[in-house]
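*Asks:* Structure in structure tokens, see below.
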Amino acid sequence: MTTHATNPPRPHSGFFLAFEGPDGGGKSTQAARAVEWLRGLGFDVVACRDPGGTALGERLRAVILSDESVHPSMRAEMLLYMASRAQLVDEVVRPALAAGRIVVTDRFLLSNIVYQGVAGGLDAAAIAAVGAAATDGLLPDLTLVLDVAPDVARERTGPARDRIERRPAEYQAKVRAGFLNAAGIYGGPVVTLDAGAGPDEVFARIQQEVGRALALDPRP
């Protein structure tokens, strides 16, 4: 499964690429591969993760995902993500894009819209509005959603590793549905890829999509 998006003109001299999708789709692994590939092509690439990527963001990430002594509500959870993202954008992403660099992030605003909105019951449009305030309207130039079936995801990830992964199967099914409908609920260009294939096959599709967005010469 592949859905394409038309990329509008970028408001900066760099390029902002986000990897999204349910846990178990190989998102983090493929994002790291993309960083290595782009650097091999001579691009100046900044890699980050959301939540995280800054001193403040890493502390908030630990609270959101790992700290069993706190129990944020769905709304508080969403706002903690937004605080981490605001710091990441101000400290890392915008300066890198202004310098003409490529930024590759493991998750961004779409995850909040899906996890706390579509699956968590909060209003998705309201989350998008809060996200626009947190990032001053910044969205990725291309978002790659790596889709994977729940049984394949469980086989890949094994036991739940954090607070979000421990939520029930009904919640995870809504997460997948939200990501599959990403093009209808997200403002930026989105491409959905079938991540159930082998990792090299998936990465080849990623190279095609990123190459198209960056107008890379397709010849070897």
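The values are calculated or read from the model by the stated rules, or taken from the named source; none is laboratory data. Note that the structure is predicted; figures quoted are calculated from it, not measured. Counting neighbours? That spans all protein chains shown, and the Cβs are built from the backbone with ideal geometry, glycine included. Note: areas computed on protein heavy atoms with side chains; ligands, DNA, RNA excluded. Shrake-Rupley method; radii C 1.70, N 1.55, O 1.52, S 1.80 Å.
*Asks:* Go through the residues of the range 41-50 one by one and say whether even a single one is in contact with an Asp or Glu (Cβ under 9 Å, 6 or more places away or on another chain), in a loop (DSSP other than H, G, I, E, B) and farther than 24 Å from residue 145 by Cα.
*Replies:* No, the range 41-50 contains no residue that is in contact with an Asp or Glu (Cβ under 9 Å, 6 or more places away or on another chain), in a loop (DSSP other than H, G, I, E, B) and farther than 24 Å from residue 145 by Cα.
*Asks:* Are there any pairs, at least 6 apart or on different chains, whose C-beta atoms fall under 7 Å, with the first in the range 30-56 and over 29 Å from residue 83 (Cβ atoms) and the second among the aromatic types (Phe, Trp, Tyr), and if so, which?
*Replies:* Between residues of the range 30-56 that are over 29 Å from residue 83 (Cβ atoms) and residues that are among the aromatic types (Phe, Trp, Tyr), the close pairs are 33/203.
*Asks:* In addition: Right, residue 135: at pLDDT 80 or above and over 14 Å from the mean Cα position of the chain (by Cα) or not? Explain how you work it out, then say what you get.
*Replies:* Values: at pLDDT 80 or above: yes; over 14 Å from the mean Cα position of the chain (by Cα): yes.
Yes.
*Asks:* Just to verify a result, which residue in the range 66-102, among those that are within 18 Å of the chain's Cα centre (by Cα) and under 15 Å from residue 120 (Cβ atoms), is surrounded by the most Cβ atoms within 10 Å (Cβ to Cβ)?
*Replies:* Applying the filter and picking the extreme gives 81.
*Asks:* Please go through the range 163-186 and give me each residue that is of a type in the set (Lys, Arg) and more than 12 Å from residue 147 (Cα to Cα), ordered by number. Break it down stepwise before answering.
*Replies:* Here is the first cut: in the range 163-186, the residues of a type in the set (Lys, Arg) are 163, 166-167, 174, 176.
163, 166, 167, 174, listed by residue number.
*Asks:* Report, by residue number, each residue of the range 61-113 that is within 12 Å of residue 138 (Cα to Cα) and among the acidic types (Asp, Glu).
*Replies:* 90
*Asks:* OK, next. Filter the range 197-211 for residues that are of a type in the set (A, V, I, L, M, F, W, C) and at pLDDT 95 or above; which is nearest to residue 148 (Cα to Cα)? Write out each step before concluding.
*Replies:* Residues of the range 197-211 that are of a type in the set (A, V, I, L, M, F, W, C), as a first pass: 197, 202-204, 206, 210.
Then keep just the ones that are at pLDDT 95 or above; that gives 202-204, 206, 210.
Numbers: 202: 11, 203: 14, 204: 17, 206: 15, 210: 20 Å.
Ranking the candidates gives 202 first.
*Asks:* Let me ask something else. Which number in (1) part of a helix (DSSP H, G or I); (2) open to solvent by 30 Å² or more (accessible area, probe 1.4 Å); (3) at pLDDT 95 or above; (4) farther than 24 Å from residue 101 by Cα marks the one condition that residue 121 misses?
*Replies:* (1)
*Asks:* Oh, and also: Hey, can you tell me all the residues within the range 168-220 that are within 22 Å of residue 139 (Cβ to Cβ), open to solvent by 70 Å² or more (accessible area, probe 1.4 Å) and over 17 Å from the mean Cα position of the chain (by Cα)?
*Replies:* Answer for the range 168-220, where residues must be within 22 Å of residue 139 (Cβ to Cβ), open to solvent by 70 Å² or more (accessible area, probe 1.4 Å) and over 17 Å from the mean Cα position of the chain (by Cα): 208, 212, 215.
*Asks:* Which of the residues belonging to the range 42-58 are within 24 Å of residue 165 (Cβ to Cβ), surrounded by fewer than 17 Cβ atoms within 10 Å (Cβ to Cβ) and touching a Gly at 6+ places or on another chain (Cβ under 9 Å)? Reasoning before the result, please.
*Replies:* Just the residues of the range 42-58 that are within 24 Å of residue 165 (Cβ to Cβ), to begin with: 47-54, 56-58.
Of the ones still in play, those that are also surrounded by fewer than 17 Cβ atoms within 10 Å (Cβ to Cβ) are 56, 58.
Of everything in the range 42-58, just one residue is within 24 Å of residue 165 (Cβ to Cβ), surrounded by fewer than 17 Cβ atoms within 10 Å (Cβ to Cβ) and touching a Gly at 6+ places or on another chain (Cβ under 9 Å), namely 58.
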